[in-house]
1. Checking the conditions here, which among Pro213, Pro261 is touching an Asp or Glu at 6+ places or on another chain (Cβ under 8 Å), modelled with pLDDT of 90 or more, part of a strand (DSSP E or B) and not aromatic (Phe, Trp, Tyr)?
2. Exactly one of these conditions fails for Val6: (1) farther than 19 Å from Leu75 by Cα; (2) outside any strand (DSSP E or B). Give me its number.
3. What is the number of the single condition among (1) modelled with pLDDT of 90 or more; (2) under 24 Å from Gly247 (Cα atoms) that Asp102 does not meet?
4. Looking only at region 134-150, how many residues end up being over 20 Å from Val245 (Cα atoms) and in contact (Cβ under 8 Å) with a residue 24 or more places away in the chain?
5. Only one residue in Arg254, Arg242 is in contact with a helix residue (DSSP H, G or I) (Cβ under 9 Å, 6 or more places away or on another chain), assigned to a loop (DSSP other than H, G, I, E, B) and not assigned by TED's automatic domain parsing to the domain that holds Arg116, so which one is that?
6. Between Glu163, Glu126, which is under 21 Å from Asp288 (Cα atoms) and either modelled with pLDDT under 95 or in the same structural domain as Val241 (by TED's automatic domain parsing) (or both)?
7. Any idea which of Ala206, Ala202 is among the hydrophobic types (A, V, I, L, M, F, W, C), at pLDDT 90 or above and loosely packed, with under 15 Cβ neighbours inside 10 Å?
Amino acid sequence: MDLDQVKAFLVLCEELHFGRTAERLFRSQSRVSRLVSALEREVGGALFERSSHHVRLTPLGAAFEARLRPAYTDLLAARDAAIAGMRDVRGDLRIGVTQTSDCSAVTRLAGAFTARHPGCTVHITEIDFWDPYEPLRSGEIDVLCNWLAVDEPDLRTGPVLEERGRVLMVGRGHRLAGWASVPAEELAAEVVQRLPGRYPSALTDALLPLRTPSGQPIRRAVPESTSIPEMIAQVAAGNFVRPTVEGIARWQGRSDVILVPITGLPPLLLGLIWVTARENARIRALADTAASRPRAGRGDSGRSPGGVGADAPRPARASAPR
C-alpha cells in the first residue's frame, strides 16, 4: 500500500465520485480507478460499491476508512514536523574543535552566525584529537571544524574557513632549526613521527606525506606516539621531526622546539565537516554563514608562523640548503 493509493481512497471516500476525486488529485479518472482497484486487491475485498449512478462505501471500506484516516493524518503531521525541523534554525548548535583546529576563525564564525540567527545558541567544545569523527557519528556534536582531508563516505565537507601553511617542528639543536625554510625534499632525510592508528588515515597522509614531491619515501617513526606532549618532547629531544601547520596556539610557549616553514607542500584547509544524514537547518545556516565570509589565508590567524618558540632567540641561520 503506497501513499497514492491511500490518498485516492480517502478522497474518494469524501467525494464518492471518481470524476471529482480525479480533479482534486490532479490525476486522470482512469488513474484513480487503477489506484483504488490495486488497493482493493491488496486488502482482499471490495471497498466501494460501483454502479453507473453511484459510488458507495462497503462495510469493509467504511471500517477501513475509520482506521486509516487517523493514521494518515498522523503521518502527514509527522512529515510536516520533520520539514519544519529541517527549516528551523532555532535551538542549539554544537561545534567540535580539536587541539589543532581551535582557532579565532571558529570564534568569528560563531559570532557571525549568532548575529544572523539569534534564536540559535552555539556551543564550541573540544573533542578527542585522535578520533575526531566519533563525536559526529555519536551525535555529541553537530559540526566538526577540522582539516579537510576527509575520505569517509558518511561525512560531508563544507566551506573552508582558513588555509594554513606547512611548518616543520624540530628540536632547537636540530640541523634544520636555523634554516629560513625547509624544502619538502629534505623530509626524505628525516624520520617523522607516526600518528596513532585510530587517527583517520586521510588526515595522517595529509599531515605526514608518504613521499616528497619528487617521489622519495619519507620514513615514519615506530613506535607510535600516544600523546601530543609526548610527541613534542620527542621532537625537542631530537629523536624525530614533525610536519604540522602554522599558527597552532598549542605549540606556543616552549623554547626547546622551533617551527620552520616547509616549501613545496600545499597548505592544509580548515573547514566544516558533518554527517550527511544528520544535516539540518542549523548546519546549513552555519555553512551558509561560513561561505559568505572571506577565507582567511596564511598569516591571517593572528599568530607568528614560528609558533612554538617564535619569540625565543634563535641560532644564526645556516646557509640555504643545496
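1. On the way: Pro213 fails: part of a strand (DSSP E or B).
Matching residue, one of Pro213, Pro261: Pro261.
2. In the conditions (1) farther than 19 Å from Leu75 by Cα; (2) outside any strand (DSSP E or B), Val6 misses (1) alone.
3. In the conditions (1) modelled with pLDDT of 90 or more; (2) under 24 Å from Gly247 (Cα atoms), Asp102 misses (1) alone.
4. Step one: filter region 134-150 for residues over 20 Å from Val245 (Cα atoms), giving 134-143.
Now drop any that are not in contact (Cβ under 8 Å) with a residue 24 or more places away in the chain, which leaves 135-137, 139-143.
Count: 8.
5. Numbers: Arg242 fails: assigned to a loop (DSSP other than H, G, I, E, B).
None of the other options fit; the residue is Arg254.
6. Working: Glu126 fails: under 21 Å from Asp288 (Cα atoms).
None of the other options fit; the residue is Glu163.
7. Working: Ala206 fails: loosely packed, with under 15 Cβ neighbours inside 10 Å.
The match here is Ala202.
The values are calculated or read from the model by the stated rules, or taken from the named source; none is laboratory data. This one's a predicted model, so the numbers in the text were calculated from it and none came from an experiment. Quick reminder, even Gly has a Cβ in these numbers, built from the backbone with ideal geometry, and neighbours come from all protein chains shown.
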